[in-house]
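Before any comments, here is the structure.
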Amino acid sequence: QVQLVESGGGLVQPGGSLRLSCAASGRTFSNSAMGWFRRAPGKEREFVAAITWSGGSTYYADSVKGRFIISRDNAKNTVSLQMNSLKPEDTAVYYCAAGRGVTFYSASYQYDYWGQGTQVTVSS
């Protein structure tokens, strides 16, 4: 069992930065792939970024590649998403997710546990 709690969302101007964090509890965190997904108003949930259990590999949606960085600290049971050069279209609720045995990192159905989400609003 893994419980996830996101933090770090807020209001930021276009071009600004935010750092989202996800705190995980449970013994299986270090064995789990971690992902960030988002849901914008009126849209379906979409993949943002993912990282393997070891942190050795990362994956990004094309829309955020080069702007966002995902990282994890297994000693602290946390995963972070550094978001730079934010755009209004990045406005969404961002969700942290964990899964074991993930092979298709952008597929939400492969993740077993989800946080409640944190709101990110990019607006001037």
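Descriptive notes on the structure:
- Pairwise centroid distance, computed over Cα atoms, of the range 78-124 with the range 51-69, Å: 11 Å
- Among the GluC sites (Glu not before Pro) in the range 34-124, those placed in a DSSP loop whose Cβ has at most 10 other Cβ atoms within 10 Å are Glu44.
- Among Ser106, Phe68, Ser21 the positive-end extreme of the charge dipole of the chain (Cβ point charges): Ser21
- Springs join every pair of Cα atoms under 10 Å in this Gaussian network model of the chain, and among Leu86, Leu20, Leu11 the largest mean-square fluctuation is at Leu11.
- Our coupling estimate for the range 85-91, obtained by passing each phi through the Karplus curve with A = 6.51, B = -1.76, C = 1.60 and θ = phi - 60°, is 6, 5, 10, x, 6, 7, 4 Hz, Gly and Pro reported as x.
- For the chain, averaging the sequence separation of C-alpha pairs within contact (under 8 Å, six or more residues apart) and dividing by the residue count gives a relative contact order of 35 percent.
- Phe68 long-range amide H proximity, modeled H, under 5 Å: Asn84
- Tensor-based shape of the range 1-104 (alpha-carbon gyration tensor, a/c under 1.5 rounded, otherwise prolate or oblate): prolate
- Length released on extending from Arg100 to Val5, taking residue separation times 0.36 nm less the Cα-Cα span: 32.4 nm
- Among the trypsin sites (Lys or Arg not before Pro) in the range 63-121, those placed in a DSSP loop whose Cβ has at most 12 other Cβ atoms within 10 Å are Lys65, Lys76.
- The residues of the range 12-80 expose on average 52 square angstrom of accessible surface per residue, using a 1.4 Å probe on protein heavy atoms.
- Accessible carbon and sulfur surface of the chain relative to its total accessible area, %, 1.4 Å: 46 percent
- Listed values for the range 5-22 are Karplus-derived 3J(HN,Hα) couplings in whole Hz (6.51 cos²θ - 1.76 cosθ + 1.60, θ = phi - 60°), namely 10, 8, 8, x, x, x, 9, 9, 7, x, x, x, 10, 9, 10, 8, 10, 9, and x replaces Gly and Pro.
- GNM top mover of Tyr105, Tyr59, Tyr95 - the chain, alpha-carbon springs below 10 Å: Tyr59
- Rounded to the nearest 20 debye, the dipole magnitude of the chain is 140 debye, with +1 charges on Lys and Arg beta carbons, -1 on Asp and Glu beta carbons, and the Cα centre as origin.
- Residue of Gly56, Gly66, Gly99 that the Gaussian network model of the chain assigns the largest fluctuation, springs spanning Cα pairs under 10 Å: Gly56
The values are calculated or read from the model by the stated rules, or taken from the named source; none is laboratory data. In this text the structure is predicted, and so the values were computed from the model without any measurement. Glycine also receives a Cβ, built like all others from the backbone with ideal geometry; neighbour counts cover every protein chain displayed. Surface areas here come from the heavy atoms of the whole protein model, side chains and all, with no ligands, DNA or RNA. Shrake-Rupley method; radii C 1.70, N 1.55, O 1.52, S 1.80 Å.
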